[in-house]
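Single-structure report; data block below.
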Amino acid sequence: MSRELGPIHYQMYEKIKFQDEITDYLMDHDTSIIDEKYKPVSKQRLDKLIDQDNVHGWLSKRVDIVELRLKEAFKLSKNPEEKMYNLGKEKGSNKDFYDLSIIFKNLNSYLLDGMPCDNGFMAQVDDDNNLYLVTNNDLHKQYYTEDINPNDSLSNSCGGGHSHDHHDNFEIQKDNIEIKDDNRDLYHDMRYYFLKGYFSDSPYDVEMVNGTSYKIFLR
């Protein structure tokens, strides 16, 4: 288990907190009905909260919690598509859309796809300078199809082989683009509306590819 708290863990904690902000937004800032089932994650400083003898497991449990809370919000919210679009529009406001690396860096501060070493998600650029957000492994689907207990994730560990300062999937990869066919699901439909809103005032547009991945291209 990871015993080293590094920048990558702080980045993950910000993603986790933002996903709970989505839940709050969808529920018009009243999450009390969801709180009864799944308590919200704390927003205090990470180094004051985390079990530093089990960094990976502690964060993995919080990923589970915010995923389960968001699932409930999608079911309970009125007009979730419109709200996700509006939230994306708000977060994309005044962002720099000049350089794809900066675009992805800014956008990836919001997107939560498991822990980085789960290899759930990556970004790539094709020869026409289109940016692809590629789902390698749909880590969201389990929360809608299985009975997930967040405490089980406390035993998760990281395989290592990378720095705790950064991780490859926080950068655009140069490999050949391979997008798996997958069935569309509620989570990725809602992410699509968020992305459409995020890029609504930019030179770019978004389309869904093969169910769970996205192409970002100049209009």
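Springs between Cα atoms under 10 Å define the GNM used for the chain, and in it the highest mean-square fluctuation of 182, 99, 113 occurs at 99. Each label was represented as a point 7 Å from its Cα along the Cα-to-Cβ direction; for residue 99 and residue 184 these points are 3.5 nm apart. Between residue 53 and residue 151, the contour length at 0.36 nm per residue exceeds the Cα-Cα span by 33.7 nm.
Entry note, the chain: relative contact order of 27 percent, from Cα contacts under 8 Å with a spacing of 6+ residues. May I ask for the distance between the Cα centers of region 136-155 and region 10-70, given as a whole number of Å? Between the Cα centre of region 136-155 and that of region 10-70, the gap is 15 Å. Protection proxy ranking for 87-94, 131-138, 168-175, using the average of other Cβ atoms within 10 Å per residue and placing the highest first: 131-138, 87-94, 168-175. Look at the Cα gyration tensor of the chain: its axes a ≥ b ≥ c give a/c of at least 1.5 with a/b at or below b/c, and that counts as oblate.
Rounded to the nearest 20, the Cβ-based charge dipole of the chain about its Cα centre (Lys and Arg +1, Asp and Glu -1) stands at 520 debye.
Only Lys, Arg, Asp and Glu carry charge here, each on its Cβ (+1 for the first two, -1 for the last two); on that basis region 119-202 has a dipole of about 200 debye about its Cα centre.
Coordinate-derived values only; no laboratory data. Given the structure is predicted, the values throughout are model-derived calculations rather than measurements. Neighbour counts run over all protein chains shown; Cβ positions are idealised from the backbone, glycine included.
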